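**Q** Have a look at the structure that comes next, please.
The values are calculated or read from the model by the stated rules, or taken from the named source; none is laboratory data. This structure is a prediction, so every number in the text was calculated from the model and none was measured. Positions of Cβ are generated from backbone atoms using ideal geometry, with glycine treated the same way; all protein chains shown enter the neighbour counts. Note: accessible area is taken over every heavy atom of the protein model, side chains too, but ligands, DNA and RNA are not part of it. Shrake-Rupley method; radii C 1.70, N 1.55, O 1.52, S 1.80 Å.
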Amino acid sequence: MSTRLRMLLAALAAVVLGSAAILYTMHARATAPDRQPAVDLAVDPAPLRLGEPGRLVFRNTAPGPHFGVIASVSLTDPGGPRRLSQLRCERFSTAAGRGLCVAAHPAPTPRAMVLLLDDQLRELKRIEIVGTVSRARLSADGEIAAWTTFVTGDAYNSASFSTRTGIYSHREDRLQTNIEEIPLQLGGQQHMSEDVNYWGVSFTPDSETFYATVSTGGRTHLVRAAYQDWRAETLRENVECPSLSPDGKRIAFKKRMSSDGARPWRIHVLDLATMTETAIAEPAGIDDQVAWLDEKTLVYGLPGEEVWTAAADGSGASRKLVAWASSPSGPGTR
């Protein structure tokens, strides 16, 4: 590959990864708790427990002393009192009574801490990683954790953004700090390149397979990977942050629609059997890895620190579920 072509591919990859990282950073700064007046919250004094049916768990983003802590509300009264923990996270995921917290870690260079938790938010495992927190997801049985961070200077073009995605199996005590070395089939051919980046992992119900996004050559692809056999293959282009439905038959994902920095993506649902796509009834450009509240409903964060829902089949209209919240997760989510 010529030097000029390598530089062009690196620049294209930087656009894909850098735009997401910049949007995330700008949004985080704009919504910092010290920039807004405190919000009074209705608080349920009961302790927060993971795995309780009928409750949504999320990151509380109301300005004030509880900014950033993990909270929960009843799905029958999502605007009602919220239970608050003492645990602060940038991203959170829960499944089968386990929790995954990825928290920023003070350091001269961006670093983060991965915490695997039990149902009472007690620490089971701690892993220190590099980069700025981007994504986090648990397998359905709560045994396998995956996370993504943005890093800089981690590619052959040191000016570009890059990602690092790690996976940890609690049952096996098996850690991959960066999955970039997984053997990859792209278009039926073995693919090796210095610009390969992965992000947005989602596990099948049996935890034997995971889906993710891979970026290479300035393009993004949906990847299906065998966890135990450690191999991956691309399935479809222009798929970011896949989220597998509870039945394992559909994937909700971000589809890049334009180069418009304000609304670059729209959420679609992909039927894995027919490979047909359906746009959901949410016009906003969502930069989030959506979750499945149940087989029919998606849940996701919107700019302005709100959690919204929409039907997975594209019908109806989207609606706000919880104010001052992000990183939604709970029973049935993927």
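**Q** Specify whether the C-alpha gyration tensor of the stretch 197-279 places it in the rounded, prolate or oblate class, a ≥ b ≥ c being the square roots of the eigenvalues: rounded for a/c under 1.5, otherwise prolate if a/b is larger than b/c and oblate if not.
**A** oblate
**Q** Report the extension gain between Ala46 and Asp141 in nm, rounded to one decimal, defined as 0.36 nm multiplied by the number of residues separating them, less their alpha carbon distance.
**A** Full extension from Ala46 to Asp141 adds 31.7 nm.
**Q** List the aspartates and glutamates whose Cα lies under 14 Å from the Cα of Lys249, skipping any in the same chain that are fewer than 8 positions away.
**A** The reachable aspartates and glutamates, counting only those whose Cα sits under 14 Å from Lys249, are Asp206, Asp271, Glu277, Asp294, Glu295, Asp313.
**Q** Right, next: Using 26 Å as the Cα-Cα cut-off, could you pick out the over-long pairs in Lys254/Lys320; Lys125/Lys320; Lys125/Lys254?
**A** Lys125/Lys320; Lys125/Lys254
**Q** Now for a separate question. Could you give me D for the stretch 255-330, from Stokes-Einstein at 25 °C and 0.890 mPa s, where the hydrodynamic radius is the Kirkwood radius over C-alpha pairs? Units µm² s⁻¹, please.
**A** 192 µm²/s
**Q** Spin-label point model (7 Å from Cα, Cβ direction): what's the Gln86 to Ile127 distance in nm?
**A** The modelled label-to-label distance comes out at 2.6 nm.
**Q** Carbon and sulfur atoms: what percent of the 1.4 Å accessible area of the stretch 243-334 do they account for?
**A** Looking at the stretch 243-334 in its full context, I get 53 percent from C and S.
**Q** Give me the accessible area per residue for the stretch 73-115, probe 1.4 Å, as a whole number in Å². Intermediate results must be reported in sequence, preceding the final value.
**A** Values: 1870 Å² over 43 residues.
So the stretch 73-115 comes to 44 Å² accessible per residue, rounded to a whole number.
**Q** Can I ask one more? Classify the stretch 90-227 as rounded, prolate or oblate from the Cα gyration tensor: take a ≥ b ≥ c as the square roots of its eigenvalues, call it rounded if a/c is under 1.5, otherwise prolate when a/b beats b/c and oblate if not.
**A** Verdict is oblate for the stretch 90-227.
**Q** Just subtract the alpha-carbon distance of Met113 and Glu295 from 0.36 nm times their residue separation and send over the number in nm, one decimal.
**A** Length difference between fully extended and current span is 62.4 nm.
**Q** At what distance in nm do the modelled label points of Ser193 and Gln176 sit from each other, each positioned 7 Å from its Cα along Cα→Cβ?
**A** About 1.9 nm separates the two model spin labels.
**Q** Counting Lys and Arg as +1 and Asp and Glu as -1, what is the net charge of the other residues whose Cβ lies under 13 Å from the Cβ of Thr220?
**A** +2
**Q** Using the per-residue mean of other Cβ atoms lying within 10 Å as a proxy for protection, in what order, highest first, do the peptides 104-117, 127-140 fall? Intermediate results must be reported in sequence, preceding the final value.
**A** On the way: 104-117: 16.0, 127-140: 22.4.
Put in order of decreasing packing, that is 127-140, 104-117.
**Q** Something else: Which whole-percent values make up P(r) of the stretch 57-162 when all C-alpha to C-alpha distances are grouped in 5 Å steps starting at zero?
**A** 2, 12, 20, 21, 19, 12, 8, 4, 2, 1, 0
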